[in-house]
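Student: To start, I am sharing the structure in question, which I have written as structure tokens.
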């Protein structure tokens, strides 16, 4: 794709541009069709587009009643998810936004509650109060999770909307946070009406999610030096920007060797471009990271191999670092096709497998049916139509994703740090509220 | 693969006819020239050599010798020459030769491609007319100079170029495997090398003859021709001299592509047979015995062995099976076809890999025979293996420690079969003739392996590699790369590179990228525990029985 046609090719960039000018309903339809046509592909592009769209949806929403907002976001979210059920990050972002609205609503509710009653109920407020003055600090991602945690504890308090909260009611009673904080809510509550405030808070929260999406790779990369030592031989696969940033970060301090499997046929061009540092004119990648220095420019030896040579080289590899499409609650992952064999080969050779992934890819979905998670792609990439005689006769398969079971992964590195696969369920419960798991 | 053997056979018979045509010319010229121009004689005596470039199309090939004969006659006419004239002539000749060498190098590559690929005639027209025109226009000097000479110039040039680039680009771990770069033309081949062997060398290099058995058969057949046309020089015995004569051919072949285990085994057997020829036997009958030995060897060790293996492996196929196989093994193909003929109903799932895409030919053959074929690439192994009931693999060799040495990627398939998520193991069956057994051992895929040209990985289009690696476009490209630093062709690369490579792969000039290396290994070693059974012509064995069978088959 020549770069001149950039503005014309539909994708994340054009969508974000159109968001400002088009009415909401058009934008929703727009994103749905982008998702359906797979014109938006990468996890992060999908997540970003969803987040921006939801922000738009919330901001133009006439009502500021939290219940109505939730309903609105749910309907939009359902449509988006239905458009591309395998793009799990879309659902994740919708869940995050829903959780956000619920949090705000509850906070409000409690605030009123707290105001009307004595200050005794003010404890659950504290995380919120903490968060408020520092919305743009680099910490705020931790705050997010902290807040989510706090919110979870307080989730049952309101009894406000649904039957779900009835079920979780007993669990929420153990919520005392050690510092009751005498500052309490009075600082911000009295000024404005609860409804208006909720909307502003939600918009701000979505902004934080968008910020998080923007920084997630850098945050993950900041852990790189803890995991890569000198003279390592690292094997990776596909052209994941998360992995590239991770390695580039490590390369600033350490010398190591990277073996890069090219992931033919679905991602080899991007991989070649990443490896050689000649960026492809791909609209979705045409952001800042597309112009970052390739590893080879940092003095790192990169060896490009076909996927088939993975087993042969695995005996020399110290560590396998993989990107992923999405991570499931059980610690398994849905990643580019070929990842599973690589992880398997690493297991056979007792080589640790590290998966780098933003928390936004972490999905509360539990994979009961692996096959339903797998998407199949363009068969002509496997067998070009030049072999027309063959195309009629044989069945060509081009799966885009692989399901990699959790036992093949040794470590997850997210923007929150390193985790064992068995710990992921905990992060899931920190980030998504039970009510929203199947919204 | 069988058809590639056929084509090898055919082309070597072409060579024969070409040689027959050209030999009168070479006979006449020397007789006319011997006294005055000895240098000329040696040149024209070699005139069969250039025709090798065009073995694939004997119409083309038959022309140059005729022209050579025409040119040779006037050469005889202007016999009386002064020393000064001679010197001048030699100089001009040399200059012309240099120029032609470059041309011949290109067209030599193109010719090889033409012979290999039946379809793509694209690159040919530009190459041949040029050659013909130049051959016609320039007088006899040009004609003679056109021959790709085994002068020191081409080898020296490449030798100067190679180290600077290769050294940088060879993967350190595999350093021991980077030998000389593969021969790209027949230029520089020894004069003892038989035309059939010259052609075979190029076919091996271009993967026209590919696959362990096919390479073995083709080599033996070429050697049969060598033996047929061999005459023992005075003062030596056949059993002594023929071995050294053959070793020239072998050296040439191994510069085109490292010899396979099966080739090595076959050559060893042949040498043994030659050595055991009684010196007192008359040459004709000795040669007849040796040819018969070769025929028998092919029949016993490969043709019949394949039938036996296919027969017994086909018994393992049951109705409703889903059989996974990797790349394109001729013996697996035969097995599956045999099973299909027996009326069994099963599905075949072929996994293929870059850059050779050998599975495509297998898929085509099986689909044409009416089998139910599914085709996917190496990235889809775990999907293909999911509903597999058996895995059939071909072998390049079986090592003495029971490991399977086969096309790179085989180990991944075997591993996936053994570690399926459901916990159910899929039996892995290897079909392998005993001629592929070796007494070498291997633990990993790094110590023993073969490195192919990394440029094969650059082009993303699978199509080019289907029929043979060197498509009409490719030979020009490597030349450009090599010539990139050689001042002579410096302006050329850029326009041609962009026009030839419309996809403009980001890797197209990877050699200029520091620290970037491409690794294209040919084989990998599958651990013995992934292999359940090795089907050979001597029965079905566990991999641990390989060394015993190897001993038996070599001692007998």
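Student: Averaged across A:295-306, how many Cβ atoms of other chains sit within 10 Å of each residue's Cβ atom?
Tutor: Mean inter-chain Cβ contacts per residue within 10 Å come to 6.
Student: Does segment B:165-305 classify as rounded, prolate or oblate by the C-alpha gyration tensor (a ≥ b ≥ c root eigenvalues; a/c under 1.5 gives rounded; else a/b over b/c gives prolate, otherwise oblate)?
Tutor: Prolate is the answer for segment B:165-305, as a/c is 1.5 or above and a/b outweighs b/c.
Student: Pop a pseudo-label 7 angstrom from the Cα along the beta-carbon direction at both residue B:424 and residue A:25 and give the gap in nm to one decimal.
Tutor: 5.2 nm
Student: Can you classify segment A:346-408 as rounded, prolate or oblate using the Cα gyration tensor, where a ≥ b ≥ c are the square roots of its eigenvalues, rounded means a/c under 1.5, and otherwise it's prolate if a/b beats b/c and oblate if not?
Tutor: Note, shape of segment A:346-408 comes out prolate.
Student: Taking a ≥ b ≥ c as the square roots of the Cα gyration tensor eigenvalues, with a/c under 1.5 meaning rounded and otherwise prolate when a/b beats b/c, else oblate, which class fits segment A:297-439?
Tutor: Cα axes put segment A:297-439 in the oblate bin.
Student: Oh, and also: For residue B:178 and residue A:297, what does the FRET efficiency come to when R0 = 30 Å and r is the distance between their Cβ atoms, rounded to the nearest 0.05? Don't skip to the answer; put the middle values down first.
Tutor: Details: r = 25 Å, r/R0 = 0.83.
Step by step, r from the Cβ atoms, then E = 0.75.
Student: If you count, for every residue in A:384-393, the Cβ atoms of partner chains within 10 Å of its Cβ, what is the mean?
Tutor: Working: counts 4, 1, 4, 8, 0, 3, 8, 1, 1, 10.
For peptide A:384-393, the averaged partner shielding equals 4.
Student: List B:519, B:198 from most exposed to least, where exposure is judged by having the fewest other Cβ atoms within 10 Å. List each step's numbers first, then the result.
Tutor: Details: B:519 22, B:198 26.
Result, fewest neighbours first: B:519, B:198.
Student: While we're looking at this one, here's another question. Which order do the peptides A:296-305, B:296-305, A:95-104, A:317-326 take when ranked by the mean count of other beta-carbon atoms within 10 Å per residue, highest first?
Tutor: Numbers: A:296-305: 19.4, B:296-305: 17.6, A:95-104: 25.2, A:317-326: 23.6.
Going from most to least packed, we get A:95-104, A:317-326, A:296-305, B:296-305.
Read the figures in this text as sums done on the coordinates, not as results from a lab. Quick caveat: nothing in here was measured; it's all calculated off a predicted structure. No Cβ is skipped: glycine too gets one built from the backbone with ideal geometry, and neighbour counts run over all protein chains shown.
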